[in-house]
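Visitor: First the structure, which I've put down as structure tokens, then a few questions once you've had a look.
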Amino acid sequence: MAKHYPKRELYFMIMISLHLPKTAGTSLRQVLDRRFGPNLLADYGDLPINTPRPKRELTALAKGARLGWIGLPGAIQCVHGHFLPLKYLALGQPTVFVTWLREPVERLISHYHFWMRVQNPDGLPALHRRVIMEQWDLERFCLGPELRNLYHQFLFGFPRRRLDFVGIVERNAHDFPIFCRRYLGEDMVDGLPQLNMGKNPEERYLKDGTLRRRIEAWHAKDMALYQYYLTK
């Protein structure tokens, strides 16, 4: 899904790129770095997954109020990272909000394996360290309350209509060139680099069965959001 803006108008807009975990955001960051260089702000300091929910949401509101007052540094043209997009909703500068979604069950399982590859938990953020120290199995990770409906956790207080572009990871071959032509320029349409890949993206981690159905039911809000944008 994407909204259309005149090229001249896009030139003056700041791109707010929400990197939802395990949705090819690290690969996209490399593309954005090529396009924006020193005018790209990497915003990964809020650690939203590893921050308890009330504190995470209050922090986004507080930082958002401050940014609404002082704005971003004048040279910044793009922000990319893990944050609640509510944080940038009140910016005085014109903005375009973009993000990518992945099939929620596959995203969760990819996230689990990515975290479990860590050998030494020292220095890890709180939730990640807990997962490693307690040796959560896949079922505990996917069916616990901590990561339930992660997309909705990130989108707290953020109107869906403000998402100007939502790409789908499973159809990157189609969506990524559209994204580039619309926001980055024709010269950037040369494919998304494959970084932090756990497996072939065309393969599924979990086949149809009881566990998949349980995960889908537990994350019903995220499943509905993904299906909605899948049809756009």
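Every read-out reported here was derived from the displayed coordinates using simple, explicitly stated rules and does not represent laboratory data. Source: prediction; values computed, not measured. All Cβ positions, glycine included, derive from the backbone under ideal geometry; neighbour counts span all protein chains shown.
Visitor: Taking amide H positions as placed 1.01 Å from N in the peptide plane, with prolines and chain starts having none, which residues 5 or more places from L101, or on another chain, fall under 5 Å of its amide H?
Guide: Amide H to amide H, under 5 Å and 5 or more residues apart or across chains, L101 pairs with G167, I168, V169.
Visitor: Can I ask one more? Which of L67, L20, H128 sits farthest toward the positive end of the charge dipole of segment 1-151, with +1 on the Cβ of Lys and Arg and -1 on the Cβ of Asp and Glu?
Guide: L67
Visitor: Would you please give the residues with an amide H less than 5 Å from that of I14, counting only those at least 5 places away or on a separate chain, with H modeled from the backbone geometry?
Guide: T95, V96
Visitor: Could you calculate the FRET efficiency of L230 with A75 from 1/(1 + (r/R0)^6), where r is the beta carbon distance between them and R0 is 35 Å, rounded to 0.05?
Guide: On the way: r = 36 Å, r/R0 = 1.04.
Computed FRET efficiency for L230 and A75 comes out at 0.45.
Visitor: Could you pull out every residue, at least 5 positions away or on a different chain, whose amide H is within less than 5 Å of the one on D43? Hs are placed 1.01 Å off N in the peptide plane, and Pro or chain starts have none.
Guide: For D43, whose amide H was placed from the backbone, the distant partners under 5 Å are H80, G81, H82.
Visitor: Also, quick follow-up: With the chain treated as a Gaussian network of Cα nodes joined by springs under 10 Å, which of Q135, Q119, Q30 yields the largest mean-square fluctuation?
Guide: In this elastic network of the chain, the residue with the biggest mean-square fluctuation among Q135, Q119, Q30 is Q119.
Visitor: Quick one: compute the contact order of the chain, relative version, from alpha carbon pairs under 8 angstrom and 6+ residues apart, as a percent. Let's see the in-between values first.
Guide: Numbers: 311 pairs, mean separation 67.5, N = 232.
Relative contact order of the chain: 29 percent.
Visitor: Between A65 and L143, what is the label-point separation in nm under the 7 Å Cα-to-beta-carbon projection?
Guide: Taking the two extended label points, one gets 4.1 nm.
Visitor: Moving to a separate point now. In a Gaussian network model over the chain where Cα atoms closer than 10 Å are linked, find which of N39, N120, N149 has the largest mean-square fluctuation.
Guide: Answer for the Gaussian network model of the chain: N120.
Visitor: Using the Karplus curve 6.51 cos²θ - 1.76 cosθ + 1.60 with θ = phi - 60°, work out ³J(HN,Hα) for each residue of segment 26-37 in order, rounded to whole Hz, and write x for Gly and Pro.
Guide: Those phi angles translate into 5, 5, 5, 4, 5, 5, 5, 5, 5, 6, 9, x Hz.
Visitor: Also, I was wondering about something else. So which chymotrypsin sites (Phe, Trp or Tyr not before Pro) in segment 90-163 pass both tests, a DSSP loop state and at most 15 other Cβ atoms within 10 Å of the Cβ?
Guide: On the way: sites: F97, W100, Y112, F114, W115, W136, F141, Y151, F154, F156; in loops: W136, F156.
Answer in residue order: F156.
Visitor: If you scale each eigenvalue of the Cα gyration tensor by 5 and take the root, what three semi-axes come out for segment 59-125, rounded to whole angstrom and sorted largest first? Working shown, then result.
Guide: Details: eigenvalues 190, 52, 25 Å².
Working from the Cα gyration tensor, I get semi-axes of 31, 16, 11 Å.
Visitor: Counting GluC sites (Glu not before Pro) as exposed when in a DSSP loop with at most 11 other beta carbons within 10 Å, what is the longest stretch of the chain free of them?
Guide: Details: sites that count: E134, E202, E203.
It runs 1-133.
Visitor: Based on the Cα coordinates of the chain, what is the per residue volume of their convex hull in Å³? Please report the intermediate quantities before stating the final value.
Guide: Values: hull volume 30.1 nm³, N = 232.
Once divided by residue count, the hull of the chain is 130 Å³.
Visitor: Mind checking which of D33, D122, D43 has the largest fluctuation in a GNM of the chain, springs on alpha carbons under 10 Å?
Guide: Sorting by GNM fluctuation, first place goes to D122.
Visitor: What is the antiparallel percent of DSSP beta bridges lying wholly in the chain, to the nearest 5?
Guide: Numbers: 1 of 18 bridges.
About 5 percent, rounded to the nearest 5.
Visitor: Further question: So for the chain, if I pair up every lysine 8 or more residues apart or on another chain, how many of those pairs have alpha-carbons under 14 Å apart? Intermediate values should be presented prior to the final figure.
Guide: Details: K3/K232; K22/K199; K55/K63; K55/K87; K63/K87.
Taking the chain as the scope, the lysine pair count is 5.
Visitor: Same structure, new question: Run through segment 27-123 and list the trypsin sites (Lys or Arg not before Pro) located in a DSSP loop whose Cβ has at most 13 other Cβ atoms within 10 Å.
Guide: Numbers: sites: R29, R34, R35, K55, R56, K63, R66, K87, R102, R107, R117; in loops: R102, R117.
Passing both the DSSP loop test and the Cβ count: R117.
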